[in-house]
Amino acid sequence: MITIKLLNNDIGQYNLLSSEESLIFSVCLQSEGEIIEENGNKAILYFSDKPEKKTDFDYLWKVKDIGEIFRECINYSQKVWSSTNYKKQCLLFAKIFNANHKEILDEWKKQNDQELKTQIEKLTAQIGTCPKYFQDLQGFINIYNEYLETEMEKYENFLKQEQNAQNEFKPESKGYALSADKIQKYEKVISELKTLLFKDVY
């Protein structure tokens, strides 16, 4: 049985002489799990370009547009210099695909249907449930309270510093009165922050 298989659709650093990332996309025709080969050429469609092209190939593979995939790969093969003859590989792929297209497409459809069925089963299992962190109200409360407690600690330090500073002023002085206003404001902020604290819900 001849089947079509996705070999690569990945972004990485494939050029040893450069740190730039690129996309490599390739699909093959295989028989009994082995890539079909004739006269040293393999039945592979190969493409490489900038990472931005991955979105295009994700879509082409998703909708199984083998015609457009072939167009991209044969065009690539005619403008790239390589020890691998990508053009001959494309032509071998086309030759075998045309001769066995019904068998290949029937099996490809079965694989695609199974993939969709698996996805549906996974999504169906999630109906009525929520992700872990969506449900973790206690986790939110802990983080929220931690923030409020940090703020309270900050203003409590301000309060202590101002109370110590107030001792340097005479009770009837302007400096003492200004310090008293600051102390009152800090105490008010601390009191308000305390009212905002959440209590455990469990």
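The values are calculated or read from the model by the stated rules, or taken from the named source; none is laboratory data. Since we're looking at a predicted model, the values are computed, not measured. Heads up, the Cβs are rebuilt from the backbone with ideal geometry, glycines too, and the neighbour counts pull from every protein chain shown.
Worth a mention:
- Tally of residues being under 30 Å from residue 138 (Cα atoms), not in a helix (DSSP H, G or I) and not hydroxyl-bearing (Ser, Thr, Tyr) across the range 149-202: 5
- Taken residue by residue, the range 120-127 has at least one member that is in a loop (DSSP other than H, G, I, E, B) and either closer than 30 Å to residue 189 by Cβ or free of Cβ contacts under 8 Å to residues at least 40 places away in the same chain (or both).
- Residue match in the range 97-106 (condition: under 29 Å from residue 20 (Cα atoms), assigned to a helix (DSSP H, G or I) and either among the hydroxyl-bearing types (Ser, Thr, Tyr) or modelled with pLDDT under 95 (or both)): no
- Whether a residue is in the same structural domain as residue 45 (by TED's automatic domain parsing), within 24 Å of residue 55 (Cβ to Cβ) and loosely packed, with under 11 Cβ neighbours inside 10 Å was assessed, and residue 79 passes this test.
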